[in-house]
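Shown next, in structure tokens, is the structure this report addresses.
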Amino acid sequence: MRTLTGIQPSGTLHIGNYFGAMQPAIQAQKRGDCYYFIADYHSMTSLTDAGERRKNTREVALDWLACGLDPETSVFWKQSDVPEVCELSWILGTLAPMGLLERAHSYKDKVAKGISPNFGLFAYPVLMAADILLFDSNRVPVGKDQKQHVEMTRDIAIKFNQTYGETLVVPEEEIREGVATVPGLDGQKMSKSYGNVVELFGDEKAVRKRIMSIVMDSRTPDEPKPDADRNIAIQLLKLLAPADVAADFENRLRAGGLGYGDLKKALFAHYWEFFAEFRAKRAVLAADPGYVDAVLAKGAERARATAATVLQRTRRACGLV
Ligand code: ADP
Ligand code: TRP
């Protein structure tokens, strides 16, 4: 049972990335056979600053390692170190219907926001299919926003197998109820591109300020709040605090008597505590200048060995060799 997922180095990671994709991926290490990578080719569809990409790649690698990715058991690499993925992407692209790609939500959303699309953005799901299929992946832990991309991967794999014979493993997405979409500070999906994030390893003062500035309604502390479960601070507290603690805050908010300021203070305290151990580990890893490069170099070597086998099988199936 192989697990694979990737995260783009397009900005600073946030707790939505952690709960939606990283935590399930890290827990999946218990099953063994895990493949995790930094999707730097994908980040080119939205980020054109080379220095920024290089810096983000290192930061994202440190984030993963600090949160418990074990590079000895799991294969961990940078996407562009295994350029075979581009060849598979071409092959799959010849079977990906235009209509399928035109229906992609993430593509349509970006166009609707006024981004003028390039070919890379349009072809993004094909490259993602190649990422997944190149490693015979069975399970793909992602947040709900990526569900359609994994479904497209399945469609493309099935079409390949129908066209050229059983060759590619058809994967499934792994989406956790409860964290499928972590809300941002404004109530929309938490996303790097919406400026509504709680950073995974944010600066203490800055994150406290952001949390304390969450906009709430003007009801007084004493008023009962029957909609307490829809409060953003409560929703985030459910991820960050032990279940009984979060339930207690929710009950107090519902009953009346808990002020929003106190609720936000508790949210910050639990956030800080939740990531404390990871934060300490990250500081140790970051102090070793060669560590990340060495880990990614070794990971790329292991990833390439698997990729070469699957690519050769694929080439053979479609008559390239
Ligand atoms: P962003 O929207 O911030 O740019 P990415 O698209 O890079 O995030 O997502 C990386 C991974 O994190 C994906 O698996 C994605 O589904 C997951 N993810 C991102 N935001 C959230 C969220 N708010 N809730 C749950 N999962 C999320
Ligand atoms: N598209 C994913 C995102 O934006 C990142 C990604 C690229 C990915 N390739 C992947 C995720 C393969 C899972 C599997 O979040």
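Note on the stretch 202-274: percent of Cα-Cα distances in each 10 Å bin, starting at 0 and stopping at the bin with the largest distance, equals 21, 55, 22, 1. In sequence order, the stretch 73-81 has phi-based couplings of 7, 9, 8, 9, 8, 9, 3, 6, 6 Hz under the Karplus curve 6.51 cos²θ - 1.76 cosθ + 1.60, θ = phi - 60°, and Gly or Pro positions carry x.
Helix 243-255 and the longest principal axis of the Cα set of the chain meet at an angle near 50°. For the stretch 203-210, putting each phi into the Karplus relation 6.51 cos²θ - 1.76 cosθ + 1.60 with θ = phi - 60° gives couplings of 5, 3, 5, 5, 5, 4, 4, 5 Hz, in residue order, rounded to whole numbers and with x for Gly and Pro.
Highest mobility in the GNM of the chain, judged by mean-square fluctuation with C-alpha springs under 10 Å and restricted to Val198, Val111, Val150, is found for Val111.
Extension gain, Ala255-Arg54: 0.36 nm per intervening residue step, less the Cα-Cα distance, totals 67.4 nm. If the cut-off is 25 Å between C-alpha atoms, which lysines fall inside it for Lys264, apart from same-chain ones fewer than 8 positions away? By straight Cα distance, Lys264 reaches Lys189, Lys192, Lys205, Lys209, Lys225, Lys238. Backbone N atoms of the stretch 235-266 closer than 11 Å to the 7 Å Cα→Cβ label point of Trp272 belong to residues 265-266.
Heavy atoms of the protein chains alone define the surface here; on that basis the stretch 202-274 has 55 Å² accessible area per residue at 1.4 Å probe size. Once Rg and the Kirkwood radius are both taken over the C-alpha atoms of the stretch 67-213, their ratio Rg/Rh works out to 1.02.
Measuring spread by the Cα atoms of the stretch 197-321 yields a radius of gyration and Dmax of 23.4, 74 Å.
Each stretch of four or more DSSP H residues adds -39500 (n - 2.57); spread over every residue of the chain, this sum gives -16000 deg cm²/dmol at 222 nm.
For His14, the residues whose modelled amide H falls within less than 5 Å of its own, excluding neighbours fewer than 5 places apart on the same chain, are Leu200.
Which residue, chosen from Cys86, Thr5, Gly32, occupies the Cα position most advanced towards the positive end of the dipole of the chain, where the dipole is computed from +1 (Lys, Arg) and -1 (Asp, Glu) charges on Cβ about the Cα centre? Farthest towards the positive end: Cys86. Surface composition of the chain: carbon plus sulfur atoms contribute 53% of the solvent-accessible area (1.4 Å probe, protein chains only, all chains present). Taking θ as phi - 60° and the Karplus parameters 6.51, -1.76 and 1.60, the scalar couplings of the stretch 176-182 work out to 8, 4, x, 10, 3, 9, 7 Hz in sequence order, x denoting glycine and proline. Of the three principal axes defined by the Cα atoms of the chain, the extents in descending order read 74, 46, 37 Å. Once both labels are positioned 7 Å from their Cα atoms along Cα-to-Cβ, the gap between Glu223 and Thr94 label points is 6.4 nm.
Placing dummy labels 7 Å off each Cα toward the beta-carbon, the span from Asp248 to Val111 is 5.2 nm.
Placing R0 at 35 angstrom, the Cβ-Cβ distance between Met1 and Ser213 gives a FRET efficiency of 0.20 after rounding to 0.05. Model label points for Arg103 and Lys30, set 7 angstrom from Cα along the Cα-to-Cβ axis, are 3.7 nm apart. At a probe radius of 1.4 angstrom, the accessible area of the stretch 1-112 per residue rounds to 39 square angstrom.
The values are calculated or read from the model by the stated rules, or taken from the named source; none is laboratory data. If you're wondering where the values come from, they're calculated on a predicted model, not measured in any experiment. Cβ coordinates were reconstructed from backbone atoms using ideal geometry, including for glycine residues, and neighbour counts include every protein chain displayed. The accessibility values were calculated without ligands, DNA or RNA, using every heavy atom of the protein model including side chains. Shrake-Rupley method; radii C 1.70, N 1.55, O 1.52, S 1.80 Å.
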